[in-house]
Amino acid sequence: MTEVLDHWIAGRPDAGSSDRTGPVYDPALGEVAREVRYGSAADVDRAVAVAKEAFASWGRTSIARRQQVLFGFRERLNARKDELAAILTSEHGKVLSDAAGEVARGLEVVEFACAMPHLAKGAFSQNVSTDVDVYSVKEPLGVVGIISPFNFPAMVPMWFFPIALATGNTVVLKPSEKDPSVANWMAALLKESGLPDGVFNVVHGDKEAVDALLVNPDVASVSFVGSTPIARYVYETGTAHGKRVQALGGAKNHMLVLPDADLDLVADSAVNAGFGSAGERCMAISVVVAVEPVADELIEKIRDRMGKLVTGDGRRSCDMGPLITREHRDKVAGYIDVATQDGATVVVDGRDVQPDGAADGFWLGPTLIDKVPTSSTVYTDEIFGPVLSVVRVASYADGVELINAGPYGNGTAIFTNDGGAARRFQREVEVGMVGINVPIPVPVAYHSFGGWKASLFGDAKAYGPQGVDFFTREKAVTSRWLDPSHGGINLGFPQNS
Ligand code: NAD
């Protein structure tokens, strides 16, 4: 009988009230590994009620106690990270080393959150007026919702929940239904680390569960990561229901290559950032913008490197795993046909791949397409697969204009040996995260992560200082302790003296 993954509510697995389920694949085998429950609105409401009840004490638990839980979680996760990476690979497909890298980047945020006593300190101004002090404190919001995408099932929830928990909030997480198991694994580890039951809950599912979170009046905030149309919807619906919302959306990341760049470094970076995790990263490079005359030489170097990549089962020693589902694999492969129809040149066709893995896996090899017209959907759509496009431009200015004309603004990179050009690019490009000779500029945990334009709806980026602000609200207190000389009636607006 197929295993069914339950929700996690009030510190234990919970079957919920709905009998809807969906398949979870092992993408390298192309087989259904298990089913996952799809929560109903009633399941979400119950999880929120449990989290609300837990907030009454967790929100007032001492900082020291919360830190002990976070430190405990950090230690346990570090000791067992290979176990988590293996679960992740079996449901997502990314190769084991990449899964371990994902866990490590999530751990960075846990470590950041361990410094919460310092990060969430308020400010104190003594004697702002005679015998009057003013201080500000950061308080938790209450119950916070997190909705995460399939491509980073461990790291993206960890962008949010360590900070949410450390600041005293309680959590309802709705993970991607495509690779849901790591969420329950992390929930059990939090419990083992001493987190009280009900503080961290997981409700699996699809739109029904998401919608229930967005309208529940006891959910104070929503942190969403996923595709742009859903991010926009979540932002508009959540804010219309009075919630604080940060909704991170899709991307189309360009790498601008100037003629003076080190083309070997560029080729290595383009291959790593284009095909790592089979291109299913929001910070993947999907377009190389080559300032002529570099394109021909660069394409040769990229093609050479692509020839050495092994696509296959992530549990073997391969470079690149399968795509998440057969449907997604076919959609991505469809863009290779479109490229030919639109007059582009397919330099390497991933449909010809010979995978090191089971015949039914969702395979698509690394694909390189040159001379992609900017009117083609190969250029305009977020493909989210191992397809790297090359667009040739005549100058730096043309390259920046192209990048800035796009609807997304998640990540970008410039490759050059000219510091002045790099500095100018950093100023002129309208993108939230910029790499200078670095292809995937994901900021470390103590700087915040987020794009511009259609890559982020809402004012707060993820983690870092903006994450702390997002999960807290500030209270400013003006206090006076009376001494015997006080007194007097004054109906004027308070002035300091
Ligand atoms: P997705 O938008 O399909 O799903 C994200 C979440 O929304 C999932 O939990 C899913 O169950 C839920 N969802 C799906 N359809 C919904 C609907 N109609 N109504 C309400 N909720 C719905 O995204 P995905 O395919 O899981 O992930 C890939 C996308 O996420 C890409 O676009 C990628 O760029 C983006 N992403 C962005 C970032 C970032 O930081 N900007 C990071 C990772 C992924």
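The values are calculated or read from the model by the stated rules, or taken from the named source; none is laboratory data. Everything numeric here is computed off the predicted structure, so don't read it as measured data. Note that each Cβ is placed from the backbone with ideal geometry, even for glycine, and that neighbours are counted across all protein chains shown. For the accessible areas, the whole protein counts, side chains as well, though only heavy atoms, and no ligand, DNA or RNA atoms are used. Shrake-Rupley method; radii C 1.70, N 1.55, O 1.52, S 1.80 Å.
Observations on the structure shown:
- Interchain or long-range residues, amide H under 5 Å from ILE146's placed H: VAL172, LEU173, LYS174, SER223
- Computed about its Cα centre, the charge dipole of the chain is approximately 1440 debye, with only Lys, Arg, Asp and Glu carrying charge at their Cβ.
- Taking all protein chains together and rolling a 1.4 Å probe, HIS118 ends up with roughly 120 Å² accessible.
- Each residue of region 146-156 was assigned a 3J(HN,Hα) from its phi angle through the Karplus expression (A = 6.51, B = -1.76, C = 1.60, θ = phi - 60°), giving 10, 10, 10, x, 6, 7, 9, x, 9, 5, 5 Hz with x at Gly and Pro.
- Estimated from the Cβ-Cβ distance and a Förster radius of 56 angstrom, the FRET efficiency linking ASP381 and ASN490 is about 0.30.
- Span from the region 128-172 Cα centroid across to the region 257-285 one, whole angstrom: 34 Å
- Sites GLN426 and HIS241 - FRET efficiency at Förster radius 35 Å, r taken between beta-carbons, to 0.05: 0.40
- Distances between every pair of Cα atoms in the chain, grouped in 10 Å steps from 0 to the bin holding the largest one, split as 4, 19, 27, 24, 15, 7, 3, 1, 0 percent.
- Neighbour net charge for GLY312 - beta-carbon separation under 10 angstrom, K R +1, D E -1: -1
- Within region 40-76, trypsin sites (Lys or Arg not before Pro) in DSSP loop having at most 16 other beta-carbon neighbours inside 10 Å: ARG60
- When nucleic acids and ligands are ignored and a 1.4 Å probe is applied, SER17 ends up with an accessible area of around 80 Å².
- Over region 163-260: Kirkwood hydrodynamic radius from C-alpha pairwise inverse distances, Å: 15.3 Å
- Loop-located trypsin sites (Lys or Arg not before Pro) in region 282-380 (DSSP state other than H, G, I, E, B) with a sparse environment of at most 12 neighbouring Cβ atoms within 10 Å: LYS308.
- Dipole check for region 253-436: with +1 at the C-beta of Lys and Arg, -1 at the C-beta of Asp and Glu, and the Cα centre as origin, the magnitude is about 380 Debye.
- Seen against the Cα atoms of the chain and their longest principal axis, helix 228-240 is set at about 20 degrees.
- Take ILE383: with every protein chain present and a 1.4 Å probe, its accessible area is about 10 Å².
- Cross-link partners of LYS301 among aspartates and glutamates (Cα-Cα below 13 Å; sequence separation of 8 or more within a chain): ASP262, ASP264, ASP268
- Distant-in-sequence amide H partners of LEU256 (H built 1.01 Å from N, under 5 Å): VAL289, ALA413, ILE414, PHE415
- With N counted as the residues of region 253-436, its alpha-carbon radius of gyration over 2.2 N^0.38 Å works out to 0.99.
- Against the chain, whose longest principal axis is taken from its Cα atoms, helix 263-275 shows a tilt of about 70°.
- Coupling constants for region 129-137 follow from the phi torsions by the Karplus curve (6.51 cos²θ - 1.76 cosθ + 1.60, θ = phi - 60°), and in residue order they are 9, 4, 6, 10, 10, 10, 9, 10, 10 Hz; glycine and proline get x.
- The alpha carbon gyration tensor of region 360-497 gives principal lengths a ≥ b ≥ c with a/c of 1.5 or higher and a/b greater than b/c, which makes the shape prolate.
- Accessible area per residue, Å², the chain with all protein chains present, probe 1.4 Å: 41 Å²
- Evaluated at q = 0.18, 0.21, 0.24 Å⁻¹: base-10 log I(q)/I(0), Debye formula over Cα of region 148-212: -0.63, -0.85, -1.09
- Accessible surface of the chain [probe 1.4 Å, protein heavy atoms]: carbon and sulfur percent: 52 percent
- Rough spin-label spacing in nm, given labels placed 7 Å along Cα→Cβ, for ARG80 and ASP19: 3.3 nm
- Cβ-defined net charge surrounding ARG281, 13 Å radius [Lys, Arg +1; Asp, Glu -1]: -1
- Ellipticity at 222 nm from helices only: DSSP H runs of n ≥ 4 in the chain, each -39500 (n - 2.57), divided by the residue count, give -11500 deg cm²/dmol.
- Amide H contacts of ILE285 (H built 1.01 Å from N, under 5 Å, at least 5 apart or other chain): GLY274
- A straight line joining the Cα centroids of region 343-398 and region 297-325 runs 13 Å.
- Each residue of region 85-98 was assigned a 3J(HN,Hα) from its phi angle through the Karplus expression (A = 6.51, B = -1.76, C = 1.60, θ = phi - 60°), giving 4, 5, 5, 4, 4, 5, 9, 8, x, 4, 5, 4, 5, 5 Hz with x at Gly and Pro.
- Surface listing: MET433, MET1 arranged by accessible area from highest to lowest gives MET1, MET433, probe 1.4 Å.
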